[in-house]
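The values are calculated or read from the model by the stated rules, or taken from the named source; none is laboratory data. Everything quoted here is computed from the prediction, not taken from an experiment. All Cβ positions, glycine included, derive from the backbone under ideal geometry; neighbour counts span all protein chains shown. Keep in mind that these areas ignore ligands, DNA and RNA; they rest on the heavy atoms of the full protein, side chains included. Shrake-Rupley method; radii C 1.70, N 1.55, O 1.52, S 1.80 Å.
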Amino acid sequence: MEDIRNMTVGECVLFGGERWKCDSIVAARKTVGSIAFILSIVAFFFICLYRLWRSLADRQIIYLWFGGFLLSIVGFFDAPPDNGNSSSCQFSGWFLGLADWMWITAMFLITLHTFMLTVRRRALVEIGTAGELFYHGASFGIPLFIASLPWIGSAFGPAGMWCWISEDEIGWRFADWYVPIWLLLIVIVVLYIITIYKINKKRSDPGESEANQSVKRLYGQAKRLMFYPGVQLIVIIIPTIHRIHNAVSSERVYELMLLHAICGPFQVIGIVAVFGITLYYRIKQNELPALSTTMKKLWATIRCQSEPPPVEVQNRVQNVENGNVNYGNEIAAKEDGLGNQA
């Protein structure tokens, strides 16, 4: 196996000195990462536009967005430097793990929340309680803890064309990411299957007719949220195959590494696409106001804050501040005048 600890962007010893392969992988990763970053900013604009933080479910989506945003930033990181054990490479590897675990933890908690509402008929946590604070703490604390575990074995370092858990730390790779991520995704899919089954059963139960609207809402929410783990299931296949290949063979497969390089930021594009589709669906279902209406309100707010009031209004305000006008008497006089005209 080539010594990737001696690799620089200029030399590229990974493919027998074929520098164009290294350059194309770096270029593809940064290009897709740039697209993902821009789409993340667009998604954040719509989150702010519709104020999607007022309910627990919406705040959970923000955690998904935040994890995706961190992943889009990872796409800009450079290839490993000359010294693979540098602190910058180790930080880059840790940051990549944190970003991945941030969004998959949010996905699991969303799934669990939907399952509890549907099957157990109670919220995972009550809004505005200490339980919600613990919930939000777990959304950050669990990814931080899991992503930091490889520090114990000093396992972070060069992982091909980017930094992550070093190639000679195969056990850490599978113990800290691939095995738990696949188990977690299986649990998520099973929970969703149970959730959809229970919802369908409620919809066909005559005794649930009074709560039909609530059942419809839960069914729609569960159906929309199922697409998020679907994105992860798709993009995790190529990286898993690539890392298994790394574990059993020293041969470098350019196509595998290229696809792996774009899978990370590409899942951000998938997350934003699902977010956009669900936002459109909520607008069509009248759960949220139309985009044109919301944009008009935003523009009206901006104009009110940026444009000065009419001169007449400014003069009235100035007169009031100077004590020259008694508006109570003025209004009474106008009303009297209107009465006389009638």
Original post:
Of Leu144, Leu149, which residue is in contact with a Leu (Cβ under 8 Å, 6 or more places away or on another chain), of a type outside the set (Val, Ile, Thr), modelled with pLDDT of 85 or more and surrounded by fewer than 18 Cβ atoms within 10 Å (Cβ to Cβ)?
Top reply: Leu144
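Here is a yes/no grid of residues against (1) open to solvent by 60 Å² or more (accessible area, probe 1.4 Å); (2) modelled with pLDDT under 85:
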| site | (1), (2) |
| --- | --- |
| Cys12 | no, yes |
| Glu18 | yes, yes |
| Ala43 | no, no |
| Phe46 | no, no |
| Leu56 | no, yes |
| Ile61 | no, yes |
Subject >> Counted residues, segment 240-265 - those being under 22 Å from the mean Cα position of the chain (by Cα) and of a type in the set (A, V, I, L, M) >> reply: 3
Subject >> Within segment 260-295, considering residues that are assigned to a loop (DSSP other than H, G, I, E, B) and of a type in the set (A, V, I, L, M, F, W, C), the one least open to solvent (accessible area, probe 1.4 Å) >> reply: Leu288
Original post:
Tally time: how many residues in segment 179-202 are free of Cβ contacts under 8 Å to residues at least 60 places away in the same chain, among the β-branched types (Val, Ile, Thr) and either open to solvent by less than 40 Å² (accessible area, probe 1.4 Å) or under 26 Å from Arg243 (Cβ atoms) (or both)?
Top reply: 5
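Could you tell me how many of the residues in segment 175-198 are touching a Pro at 6+ places or on another chain (Cβ under 7 Å) and of a type in the set (D, E, K, R)?
Adding up the residues that qualify gives 1.
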Subject >> Whichever residue in segment 214-248 is open to solvent by 40 Å² or more (accessible area, probe 1.4 Å) and of a type in the set (Ser, Thr, Tyr) and, among such residues, is modelled with the lowest pLDDT >> reply: Ser214
**OP:** Determine whether segment 157-179 contains at least one residue that is modelled with pLDDT under 85, under 23 Å from Leu225 (Cβ atoms) and of a type in the set (A, V, I, L, M, F, W, C).
**Re:** no
Original post:
When both residues are 6+ apart or on different chains and their Cβ atoms are under 6 Å apart, which pairs have a first residue that lies in segment 135-158 and is closer than 15 Å to Ser87 by Cα and aliphatic (A, V, I, L, M), and a second that is open to solvent by 50 Å² or more (accessible area, probe 1.4 Å) and modelled with pLDDT of 90 or more?
Top reply: Ala155/Trp172
